[in-house]
Amino acid sequence: MTNPTQAPTEADTLGTADALSQTETPSAPVFRGLSPGKLMWRRFLRDRTGVISAVIVAIFLLIAICAPLISMLYGKDATTTYGQNDPTLLTDSGLPTGANGGMSGDFWFGLEPGLGRDIFMQLVYGIRTSLIIAVATSVITTVLGVAFGIASGYLGGKTDYFIGRAIDVLMSFPSQIFLIAAMPIVTSLLVPADQNPPGWLPFVAVTLVLSLLGWMSLSRILRATTLSLREREFVEAAKVTGASPARIIFKELLPNLWTPILVQSTLALPAFVTAEAGLSYLGVGVTEPTPDWGRMIANSANYLRTDITFLLFPGLAMVIFVLAFNLLGDSVRDAFDPKTKR
Amino acid sequence: MLRFLVRRSLGALVILLIISMVTFALFFAIPADPARLSCGKVCTPENLALIRHSMQLDQPVPLQFWHWFSGIFTGRDFGGAGYCNAPCFGYSYVKQEMITNTLIDRFPTTLSLTVGSAVIFLIFGIGTGMLAANKQGKPADKIASSASLIASSLQIYVAGPLALWALVYSTNWLQLPAYVPITQDPIGWFTGLLVPWLVLSLIWTANYTRMTRSSMVEQLSEDYVRTARAKGMSGRSVFLRYAWRGAMGTIVTVFGIDLGVLLGGAIITENTFGLQGLGQLSIDSIRQSDLSMMVGVTMVAATLIVVSNIVVDAAYALIDPRIRLA
């Protein structure tokens, strides 16, 4: 574990550094041929699966951003209980009167049994919930992973030892149980029990809990890469010329670490989406009335015997979303690092 | 080997000690009133006073930890609730039960679920992965690779209800999941767990297919495999005796870690199929704010993870003679 694993090859890491510095300073002398950044972009465009999944991911993002607009055009929102307001829509037992979960021209994806909310709007706003949490968690874990990874790789010695042991302990935690167990504790830490919980509380609590156990693998990868970069000539040269540690870390090391950072965080995002939905599925995540896919799936399980439609929409949406994200992550890795075998 | 085991076990004990301290601190030291939280949703003042006294909340936190920790080795007396024999993880005021007894009660369900699905996903995952590696680039490989890619993006909370609907509710092909001890009724045990096994192993099979394929492909391009081919060894021997031996290390490592995680309770699977295992116990204790039970489940799950890591490292040395345990 203490051995530095093989760092990305010289051409690759340096290439990304060049690409970045070039985009930052457009006045720099023009490169002959293609810059590594453009090469990466070309490789990505040639990957058909990657482009298709990028389009699907973009559509999901667009829907999440435009949710209020869609709601306006569609004429319904996610929280109104249409089924209860209009008694002809739901039967006495709370099931939609129409076939296939009450799908109709008015309610495209049908009505939620019981409360009678519009499933299409719930799905659209549900993307927001999972994306806000997943993106926030990815950002926090990336920052933590980069900070701890570079610190232990560059500083070495005691810092490295303590961060390494802390990671060992965190990795031995049963993460699923711990996620569930930490939820009420984090919630009670954020807001005292006698106060009314504000609307942002579940978002913050889920993000914090997921971040706490999500940064270790990135940190380990960056530590290994930093360890090998630290001994290279350009870092040595910077040290000899009297560069401060901050300059070495930000100007010499960090530009060479962008590839693993980007690849790891693209692959981590779908994992956080499913983890967030898993928490809601178990009833410890985001609470009503915030729409959430995990909770929609959990509710639909109560109506399995009567109608599968309630499960199909959130279930399929989830699978497509995660599959597209996973494929995109794989393609990004292939484009950055074409030598790795899959 | 012996030195390695002793050294690793000592390291594991240190990690477990730290985990127990952190868990204890999280569950007992931070919340404003652990006694109130341990008391459950319906709580009488007498009950609360009793709990506060027997949780020894008037003492400093390190001392509380010491009582809890020494209880694991020597047992503890819980006054009215009775004596708790070692290994004692405490007493659940919500369930009115000794935590150790509940854990022992729930473990067979989780064990059956894990062992059954592990058998299925190891056979099918490694089998399909090796097939795909053997037929690299051919249609069989493409089908296996894309199927496993889709299956690994499935979630248990999506696949589980779907399987229940497709196999149980709408067709009645299989039995509604339930746990019957194997000692009572082996056939009921098998049929009752078949649907959870299938769903859990579907997703894990996909992961093992991808992993087996990629490590076999990597091994097949190694020099020693080429040498074996060059000296005229048959394709089958090269594949099974050379490449597979090299690929096995990765698979054993990952399997050991996965096994430890699964044994600690497959929470979502158990929840979906209503199986009363360790995973369901942990989610129930959170819903009922049963903190002492939570600490017990977490400790058992952490121990299983740490122990399986040691077993993996030892097994790794047996498989790969290049690795020396020092």
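The values are calculated or read from the model by the stated rules, or taken from the named source; none is laboratory data. Because the structure is a prediction, the values reported are computed rather than measured. Because the Cβ atoms are built from the backbone with ideal geometry, glycine has one as well, and the counts that use them run over all protein chains shown.
Tabulated values for the structure
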item	result
Residue list for region A:264-313, filter: in contact (Cβ under 8 Å) with a residue 24 or more places away in the chain and not in a helix (DSSP H, G or I)	A:LEU282, A:VAL284, A:GLY285, A:VAL286, A:THR287, A:PRO289, A:THR290, A:PRO291, A:ASP292, A:THR306, A:ASP307
Residue list for region B:95-112, restricted to those being under 22 Å from B:PHE69 (Cβ atoms) and of a type in the set (Val, Ile, Thr)	B:ILE99, B:THR100, B:THR102, B:ILE104
Check on A:ALA243, farther than 30 Å from A:ASP168 by Cα and surrounded by fewer than 16 Cβ atoms within 10 Å (Cβ to Cβ)	yes
Filtered residues of region A:108-137 (kept if of a type in the set (Gly, Ala, Ser), surrounded by fewer than 24 Cβ atoms within 10 Å (Cβ to Cβ) and within 30 Å of A:LEU222 (Cβ to Cβ))	A:ALA136
Residue check for B:LEU194: at pLDDT 85 or above and among the hydrophobic types (A, V, I, L, M, F, W, C)	yes
Filter pass, A:ALA335 being closer than 30 Å to A:ILE185 by Cα and either in contact (Cβ under 8 Å) with a residue 60 or more places away in the chain or more than 14 Å from chain B (Cβ to nearest Cβ) (or both)	no
Lone unmet requirement of (1) over 19 Å from B:ASP290 (Cα atoms); (2) buried (at least 16 other Cβ atoms within 10 Å of the Cβ); (3) among the polar types (S, T, N, Q) for B:THR74	(2)
Among (1) within 14 Å of chain B (Cβ to nearest Cβ); (2) more than 15 Å from the chain's Cα centre (by Cα); (3) among the hydroxyl-bearing types (Ser, Thr, Tyr) - the single one A:THR225 does not satisfy	(1)
Selection from region B:246-297 of residues that are part of a loop (DSSP other than H, G, I, E, B) and either at the interface with another protein chain (Cβ under 10 Å from one of its Cβ atoms) or farther than 16 Å from B:THR110 by Cα (or both)	B:GLY264, B:GLY265, B:ALA266, B:GLN288, B:SER289, B:ASP290
Condition met for A:SER228 (in a helix (DSSP H, G or I) and modelled with pLDDT of 90 or more)	no
Where B:ASP290 falls short, out of the listed (1) buried (at least 19 other Cβ atoms within 10 Å of the Cβ); (2) of a type in the set (D, E, K, R); (3) over 28 Å from B:ALA25 (Cα atoms)	(3)
Close pairs from region A:234-246: first in contact (Cβ under 8 Å) with a residue 24 or more places away in the chain, partner surrounded by 11 or more Cβ atoms within 10 Å (Cβ to Cβ) and outside any loop (DSSP other than H, G, I, E, B), Cβ under 8 Å, at least 6 apart	A:PRO245/A:TYR154
Odd one out for B:GLN96 among (1) without any contact (Cβ under 8 Å) to a residue 60 or more places away in the chain; (2) in the same structural domain as B:MET299 (by TED's automatic domain parsing); (3) more than 30 Å from A:ALA317 (Cα to Cα)	(2)
Sole exception among (1) touching a residue at least 24 places away in the same chain (Cβ under 8 Å); (2) surrounded by fewer than 19 Cβ atoms within 10 Å (Cβ to Cβ); (3) away from chain A (no Cβ under 11 Å) for B:LEU318, by number	(1)
Any chance B:TYR179 is away from every other protein chain (no Cβ under 14 Å), more than 22 Å from B:THR128 (Cβ to Cβ) and surrounded by fewer than 21 Cβ atoms within 10 Å (Cβ to Cβ)	no
All positions within region A:164-197 that are over 19 Å from B:GLY264 (Cα atoms) and either under 24 Å from the mean Cα position of the chain (by Cα) or facing chain B (nearest Cβ under 9 Å) (or both)	A:ARG165, A:ALA166, A:ILE167, A:PRO184, A:ILE185, A:VAL186, A:THR187, A:SER188, A:LEU189, A:LEU190, A:PRO192, A:ALA193
Qualifying positions in region A:103-162 - among the aromatic types (Phe, Trp, Tyr) and more than 20 Å from the chain's Cα centre (by Cα)	A:PHE107, A:TRP108, A:PHE109, A:PHE120, A:TYR154, A:TYR161, A:PHE162
The listed residue being buried (at least 19 other Cβ atoms within 10 Å of the Cβ), facing chain B (nearest Cβ under 8 Å), out of contact with any Pro (no Cβ under 6 Å at 6 or more places or on another chain) and not aliphatic (A, V, I, L, M), out of A:SER280, A:SER300, A:SER265	A:SER300
Given (1) within 9 Å of another protein chain (Cβ to nearest Cβ); (2) surrounded by fewer than 24 Cβ atoms within 10 Å (Cβ to Cβ); (3) modelled with pLDDT of 80 or more, index of the condition B:VAL311 fails	(1)
Selected residue (only one of B:ALA86, B:ALA144, B:ALA159, B:ALA140 is modelled with pLDDT of 85 or more and under 26 Å from the mean Cα position of the chain (by Cα))	B:ALA159
Residue check, B:PRO196 outside any helix (DSSP H, G or I) and in contact with a Pro (Cβ under 8 Å, 6 or more places away or on another chain)	no
Residue count for region B:111-145, restricted to those that are within 14 Å of chain A (Cβ to nearest Cβ) and under 26 Å from B:GLY235 (Cα atoms)	9
Test set (1) at the interface with another protein chain (Cβ under 9 Å from one of its Cβ atoms); (2) more than 15 Å from the chain's Cα centre (by Cα); (3) at pLDDT below 85 - B:ARG210 fails condition number	(3)
Test: A:ALA275 is small (Gly, Ala, Ser) and surrounded by 22 or more Cβ atoms within 10 Å (Cβ to Cβ)	yes
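Residue by residue, here is whether (1) within 16 Å of B:ILE104 (Cβ to Cβ); (2) in the same structural domain as B:THR23 (by TED's automatic domain parsing); (3) polar (S, T, N, Q) holds:
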| site | (1), (2), (3) |
| --- | --- |
| B:GLY264 | yes, no, no |
| B:SER282 | yes, no, yes |
| B:ASP290 | no, no, no |
| B:MET293 | yes, no, no |
| B:VAL300 | yes, no, no |
